[in-house]
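The values are calculated or read from the model by the stated rules, or taken from the named source; none is laboratory data. Because the structure is a prediction, the values reported are computed rather than measured. Cβ sites come from the backbone with ideal geometry, for glycine too, and all protein chains shown count toward neighbours.
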Amino acid sequence: MSALAVGLILVGLFFLVVAAVGMVRLPDFYTRSHAVALTDSLGAFFLLTGLAVDQAFSTNVISILIVLALLYLLNPVIAHATVRAALRSGIKPWGEDKR
Amino acid sequence: MTIFLVFVLYVLALLIIIYLYRVVRGPTVFDRVLGLNGISTKAIILLVVIGAVYDRVEMFVDISTGYALLNLVSAIAIAKYLEQREVT
């Protein structure tokens with residue numbers, strides 16, 4: 001396994017850990033959704049790219065990149081649908097009541 | 001270097017447990033949906049890493065693709081259902 005693959009996988013793990021910390025620590029639903037939707041996609045990108053570099057010069061690279069493209073298509077759609085449902089069912093964003 | 005990939009597997013399993021805290025505790029139902037979405041993203045990555053450990057990536061990638069599509073359908077269905085009624 002090359003040093004490039006190890007570095008990419010470690011960077012991806014760092015972003016995933018940051019997303020998990022945001023999921024536990026942030027105060028309300030909208031901020032948590034922000035942490036998960038953005039940081040998770042970036043971490044998945046780095047980690048799967050590292051795995052693809054590890055599997056270099058075989059057809060596995062193409063299938064791993066297909067999974068990556070699928071994650072990039074589906075994650076924003078799911079986040080948008082969930083946040084829109086929360087907003088329409090009347091959950092107030094954090095800090096609205098302090099004005 | 002499979003030791004490193006096994007380490008990655010352990011870290012991902014730990015992250016799933018952290019997300020499970022939010023699913024159990026979450027004040028609103030949307031927090032639980034969000035936590036489940038995060039868990040399934042982790043599970044997709046976990047399946048690909050398992051494939052790399054056992055050197056059968058071509059098989060596990062198919063499983064994770066199916067999991068991603070299933071996750072999309074269920075999340076959209078839950079969001080559309082919750083959009084139509086007043087919940088806290």
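Conditions: (1) in contact with a Pro (Cβ under 7 Å, 6 or more places away or on another chain); (2) at the interface with chain B (Cβ under 8 Å from one of its Cβ atoms). A:Ala86 meets all but one. Number of the miss?
Every condition holds for A:Ala86 apart from (1).
Hey, does the stretch A:11-21 have a residue that's within 19 Å of A:Leu70 (Cβ to Cβ), surrounded by 20 or more Cβ atoms within 10 Å (Cβ to Cβ) and free of Cβ contacts under 8 Å to residues at least 24 places away in the same chain?
No, the stretch A:11-21 has no match at all.
Do the conditions hold for B:Thr28, that is, is it within 8 Å of another protein chain (Cβ to nearest Cβ) and touching a Leu at 6+ places or on another chain (Cβ under 9 Å)?
Here the answer is no, as B:Thr28 does not meet what is asked.
What are the pairs, 6+ residues apart or on separate chains, where a residue within the stretch A:41-56 that is without any contact (Cβ under 8 Å) to a residue 12 or more places away in the chain has its Cβ under 7 Å from a residue that is surrounded by fewer than 19 Cβ atoms within 10 Å (Cβ to Cβ) and in a helix (DSSP H, G or I)?
A:Gln55/A:Val61
Test of understanding: among B:Gly66, B:Gly26, which residue is surrounded by fewer than 21 Cβ atoms within 10 Å (Cβ to Cβ) and modelled with pLDDT under 90?
Matching residue, one of B:Gly66, B:Gly26: B:Gly26.
Would you be able to tell me the number of residues in the stretch A:10-30 that are part of a helix (DSSP H, G or I) and more than 14 Å from the chain's Cα centre (by Cα)?
Number of matching residues: 5.
What are the residues in the stretch A:22-52 that are closer than 30 Å to A:Gly90 by Cβ, among the aliphatic types (A, V, I, L, M) and crowded, with 16+ Cβ neighbours inside 10 Å, if any?
A:Met23, A:Leu26, A:Ala35, A:Val36, A:Ala37, A:Leu38
Okay, residues lined up against (1) in a helix (DSSP H, G or I); (2) under 20 Å from A:Ala85 (Cα atoms); (3) touching a residue at least 24 places away in the same chain (Cβ under 8 Å):
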position	(1), (2), (3)
B:Leu15	yes, no, yes
B:Tyr21	yes, no, no
B:Met59	yes, no, no
B:Asn71	yes, yes, yes
B:Ala77	yes, yes, no
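Can you say whether B:Tyr54 is of a type in the set (Ser, Thr, Tyr), farther than 20 Å from A:Val83 by Cα and surrounded by fewer than 19 Cβ atoms within 10 Å (Cβ to Cβ), as far as the supplied structure shows?
Yes: the conditions hold for B:Tyr54.
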